[in-house]
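Each remark here refers to the structure printed beneath this line.
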Amino acid sequence: MFNSVYFLIILVFSCLICLFFVIFNLYYNERYLSCICGSNMCVVLSILFLLLYKATNENWLLKGLTAIIFDLGIFLCFSSLILIMKIKLKVYILWGILSLLILDFWGFDFYLPVSVFMHKILFMLLCVFVTFKFFYFKKRSLLASLLLINNIIFAVIQWVFAWLFYFKEPVHFFWDNIVYIIQNFIISMILVCIAIQESRAYYTQKVGELQDEIVLGQKQLKESYEKNQLKSTFFTDLSHELKTPINVIYSNIQLFEKCILQDSNGVMEADKYLKSMQKNCYRLIKLVNNIIDVNKIESGYMTVEAKNYNIIPFVEDMVMSINAFAMQKQINILFDTEIEELIIACDMDKIEKIIFNLLSNAIKYTPNGGEILVYISYDMDYLYITVQDTGEGIPEALHEVIFNRFTQNWGELHQKYNSSGIGLELVKSLVGLHKGNIWIDKSYKEGCKITFSLPITSIDNMEPILTKNTAYSEYNLEFM
């Protein structure tokens, strides 16, 4: 009677534990937790069948069913470890498990030593083996270590029971059951702790990812705001760039109309106003052309129409063509080169735009009495053209971004000239089309020193062009 009451208490306790695991599984919804629920249900059923077995004078069928349910509980418990390790069982292993269940059903009632061998030796060895793999899978974590120690202890206990059965006397069936129930409960609780630990790690990772996304979003928002500010500044400057020459042209037209109504002295005045209108028209054309060229490059419509040129005299002619205009600001322009003749394949129209833009900036931002040096050097692979001035320079913080669109140097001279901020972007794009590079010399502190490179290549079976047939006009430049 004592044993039956004792097992009724164990049955109620096991039902409560089973209910806890079912609720826990509904919350976390993991496959290996479902195996734990099934294992604890098997514990409840095995206790129930065990009580029925004793109440029906040890019916052999109930005895065999009790053995099978115990086996299923053990297999489900360790299937949870296999699921965590993501090991896929082969079909022949599943057939082997089914065969063992049938053998245990028969042996538990008709030949008990076979059943004892399976329960206490074979199954315990299998459990310890699976737990060892889980221990290394979890990289020897604390919970995996506790699980391994638990299974080794209970395996040793079961081996002691087996030794007592074979060499001393049969172990009482009830106490054997108690060991299985305690082992299953401890394993289940450890796996619940693992589930909670993994869930916390998962949500911690998700929180970290969300925080990273928030930081990235804030960064993108800040960048977007800065770009919008730059665009706003660009269009403001662009409106000044367009408005100033238009106002000058309109004023000159009015003065021109007034002059042609006067005597012959008015003709000379009219010629001055015509030249002013012409110069401002060139400013507008240059600005519009720069915008069109940048958009062509971005759209992929602009390509390099390369020919072989003796580039040294071409660059020298470009520099000398604006010397007279630079003298109006008392700026001395110097040209120097390491080599007098070098044939390279390039698009000379685009090289002109590069050099004229760099010279335009140099003259614009160099004060009266300053100096500009254009220097050509080379090595085995590249030609280097440097434009160096003694102007206000570019702050070091802008060295990496000055070639981006809308980026401007907010110096005193910028306030005077209202640069559009697309000239250097166009220069960088044109250099890139030639497979070259452009940079600012950070070590130069007396002004601004910009160097761009061009690869030294030539087109086979093409005669080089040695000189330019037409002269350069000062209105190709924007110095106003």
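The values are calculated or read from the model by the stated rules, or taken from the named source; none is laboratory data. Only a predicted model underlies this, so the values are computations on that prediction, with no experimental measurement involved. For neighbour counting, all protein chains shown are included, and Cβ atoms are generated from backbone atoms with ideal geometry for every residue, glycine included.
Can you name the residue in the stretch 317-359 that is of a type in the set (Lys, Arg) and buried (at least 18 other Cβ atoms within 10 Å of the Cβ) and, of all such residues, is nearest to residue 373 (Cα to Cα)?
Our first condition is that a residue be of a type in the set (Lys, Arg); within the stretch 317-359, this holds for 329, 350, 353.
Okay, now just the ones that are also buried (at least 18 other Cβ atoms within 10 Å of the Cβ), so 350, 353.
Numbers: 350: 21, 353: 18 Å.
Top of the filtered list is 353.
Which residue, of 45, 81, 98, 19, is surrounded by fewer than 16 Cβ atoms within 10 Å (Cβ to Cβ) and at pLDDT 75 or above? Write out each step before concluding.
On the way: 45 fails: surrounded by fewer than 16 Cβ atoms within 10 Å (Cβ to Cβ); 81 fails: surrounded by fewer than 16 Cβ atoms within 10 Å (Cβ to Cβ); 98 fails: at pLDDT 75 or above.
Residue meeting the stated conditions: 19.
For every residue, the table says whether it meets (1) touching a strand residue (DSSP E or B) at 6+ places or on another chain (Cβ under 7 Å); (2) not acidic (Asp, Glu).
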residue: 364; (1), (2): no, yes
residue: 367; (1), (2): no, yes
residue: 372; (1), (2): yes, yes
residue: 375; (1), (2): yes, yes
residue: 379; (1), (2): no, no
residue: 382; (1), (2): yes, yes
residue: 386; (1), (2): yes, yes
residue: 397; (1), (2): no, yes
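What pairs can you find where one residue is in the stretch 329-340 and assigned by TED's automatic domain parsing to the domain that holds residue 360 and in contact (Cβ under 8 Å) with a residue 24 or more places away in the chain, the other is surrounded by 11 or more Cβ atoms within 10 Å (Cβ to Cβ) and part of a loop (DSSP other than H, G, I, E, B), and their Cβ atoms are less than 6 Å apart, with a gap of 6+ or different chains?
Matching pairs, first to second residue: 331/366; 331/370.
Going residue by residue through the stretch 342-350, is there one that turns out to be of a type in the set (Gly, Ala, Ser) and more than 19 Å from residue 433 (Cβ to Cβ)?
Going through the stretch 342-350, the residues of a type in the set (Gly, Ala, Ser) turn out to be 345.
Those still in the list that are more than 19 Å from residue 433 (Cβ to Cβ) too: none.
No, the stretch 342-350 has no match at all.
Report, by residue number, each residue of the stretch 297-306 that is surrounded by 14 or more Cβ atoms within 10 Å (Cβ to Cβ) and part of a helix (DSSP H, G or I).
Matches in the stretch 297-306: 297 only.
If residue 373 satisfies every condition in (1) farther than 28 Å from residue 288 by Cα; (2) buried (at least 20 other Cβ atoms within 10 Å of the Cβ) but one, which is the exception?
(2)
Going by the structure shown, is residue 106 over 26 Å from residue 137 (Cβ atoms), in contact with a Ser or Thr (Cβ under 9 Å, 6 or more places away or on another chain) and modelled with pLDDT under 70? It would help to see each step written out before you state the result.
Working: over 26 Å from residue 137 (Cβ atoms): yes; in contact with a Ser or Thr (Cβ under 9 Å, 6 or more places away or on another chain): yes; modelled with pLDDT under 70: yes.
Judged against the criteria, residue 106 is a match.
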